[in-house]
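The values are calculated or read from the model by the stated rules, or taken from the named source; none is laboratory data. Keep in mind that this is a model prediction, so the values were computed, not measured. Neighbour counts run over all protein chains shown; Cβ positions are idealised from the backbone, glycine included. Just the protein is used for accessible areas: all its heavy atoms, side chains included, with ligands, DNA and RNA removed. Shrake-Rupley method; radii C 1.70, N 1.55, O 1.52, S 1.80 Å.
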Protein chains: 2
Amino acid sequence: MNMKPNLVPKPTGSPAAFAEAAECLKILAHPVRLRFVQLLLHGRFTVGELAEDAGVPDNVASEHLRLMQRCGFFTSQREGRRVYYQVAEPHLKQLMECVEARFLH
Amino acid sequence: MNMKPNLVPKPTGSPAAFAEAAECLKILAHPVRLRFVQLLLHGRFTVGELAEDAGVPDNVASEHLRLMQRCGFFTSQREGRRVYYQVAEPHLKQLMECVEARFLH
DNA sequence: TTGACATGTCGTGACATCACGAGATAATGG
DNA sequence: CCATTATCTCGTGATGTCACGACATGTCAA
């Protein structure tokens, strides 16, 4: 009943690692959040600037940014009444380049 | 009230392109489906083989595979009673390498 | 202090995703 | 045919995601 075994060595990765990867990809998998990543890879921006660029209300942008801060993608500093966000996760650059190569070019 | 404009040229990408990218990333963002991508980047496998490796019932695996076939990630060929799946989207390789570099190594 | 501005928080309802079980379809061998 | 194996399909209920409005917090300038 069994067939010939697949002789190719199976790639690695614990179930927990796949779960974490899926979690983070799910956070990345939103058009507004993708746009935020792309912008923040090119500089610092405030909540209001990001919101206006993406065409969403400020509080919506704020919630997206909070999400991405919680999983380590972004960090923020308050300067006066504004809050500037920037990229904190170095792998985001290469990951975004892959996404741009496939979908945005 | 206005601050100095951000002189950095803004990166490209239509809203529709971001929406499509987010759609595909969302499909990728599942631990079982990530594992399927990883395995299929190393060879051809049947539904049953993939299901057993991932520890999910066959029908669940079948639904995941159908999803990834619909968005162009995989293709399938029937051989007897078995159905073999393989990678169809060339960018998946580089994308998975990014994910592995960040989460699986 | 007051008022305006920038951001953050919370509750809610609409909608999507998910795993599961039951059953359908397809192919093989006796 | 009939039984078995492999895959697929469908309905359902649980859970998660999302945008929105209302409101809270924080900051500054007059």
Inter-part distance where the range A:48-105 and the range A:25-40 are each reduced to a Cα centre, Å: 7
Sites residue A:58 and residue A:93 - FRET efficiency at Förster radius 30 Å, r taken between beta-carbons, to 0.05: 0.70
Fraction of antiparallel bridges per DSSP, chain B only, in percent to nearest 5: 100
Inter-chain Cβ neighbour average for residues B:45-55, partner chain, 10 Å: 1
Carbon plus sulfur fraction of accessible area for the range B:24-67, probe 1.4 Å, in percent: 52
Net length gained if the chain between residue A:23 and residue A:77 were fully extended (0.36 nm per residue, minus Cα distance): 16.9 nm
Heavy-atom surface of the protein assembly as shown, accessible at 1.4 Å and reported per residue (Å²): 55
Shielding by other protein chains, B:85-93, mean Cβ within 10 Å: 1
Modelled FRET efficiency - R0 25 Å, residue A:16 with residue B:41, Cβ distances, 0.05 increments: 0.75
Total accessible surface hidden between B and A, rounded to 100 Å², 1.4 Å probe: 4100
